[in-house]
Amino acid sequence: MYNETIMDHFRNPRNAGEMKDPDGVGTVGNPACGDIMTIYIRVTDDVITDIRFKTFGCGAAIASSSFTTELVKGKTLEEAIRFTRQDVSNGLGGLPPIKMHCSNLALDALREAIKDYRAKHPPQTT
């Protein structure tokens, strides 16, 4: 059911774990499947310089979280929020249609983390 890229991100997740003192945190869940994801970001000059995740869910959810963190690390906040679930699925070599919601959760958690960051760090007006 899963290709080698998905299995690699599932078996060897990148950027897994909590982050101490993150600049932004986003948590989302899907009641239908029970997946829960939290993404932590560290931001410097509007660039995601570090990112971590914790995911309770299936292999596709873990792989999507792992891939999403790799996709956006080093990107500006504006670049990061432009990624789509299709970008995540394509990067993983294609998610089964029944698992596409997992890529939504990873991006939704990222967007919530960015929203949290922006609420804590409003633009400076001079």
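Bear in mind these aren't lab numbers, they're just calculated from the coordinates by the rules spelled out. Computed from a prediction, not measured in an experiment: that's the story for all the values here. In this analysis, Cβ positions are derived from the backbone assuming ideal geometry, glycine residues included, and neighbour counts consider all displayed protein chains.
Couple of notes before you dig in:
- Euclidean distance between Cα centres, the stretch 54-121 to the stretch 20-53, Å: 9 Å
- In nm, spacing of pseudo-spin labels at ASN3 and ILE81 (7 Å Cα→C-beta vector): 3.0 nm
- Candidate aspartates and glutamates - alpha carbon under 12 Å from LYS73, same-chain residues fewer than 8 apart omitted: ASP46, ASP50
- Extension gain, LYS20 to HIS121, is 34.6 nm, computed as 0.36 nm per intervening residue step minus the present C-alpha separation.
- Hydrodynamic radius by Kirkwood, which averages 1/r over all alpha carbon pairs of the stretch 1-60, in angstrom: 12.8 Å
- Shown here is the pair-distance distribution of the stretch 51-105: with all Cα-Cα distances grouped in 5 Å bins from zero up to the longest one, the shares run 4, 22, 33, 24, 13, 4, 0 percent.
- What the pair-distance distribution of the chain shows, using all Cα-Cα distances binned every 5 Å from zero, is 2, 13, 24, 25, 18, 10, 5, 2, 1, 0, 0 percent.
- Lysines with Cα under 25 Å of LYS75, excluding same-chain neighbours fewer than 8 positions away: LYS20, LYS54, LYS115, LYS120
- Here the residues TYR117, TYR40, ranked from fewest to most Cβ neighbours within 10 Å of their Cβ, fall in the order TYR117, TYR40.
- Choice from ALA113, ALA63, ALA32 with maximal GNM fluctuation in the chain (Cα, 10 Å cutoff): ALA32
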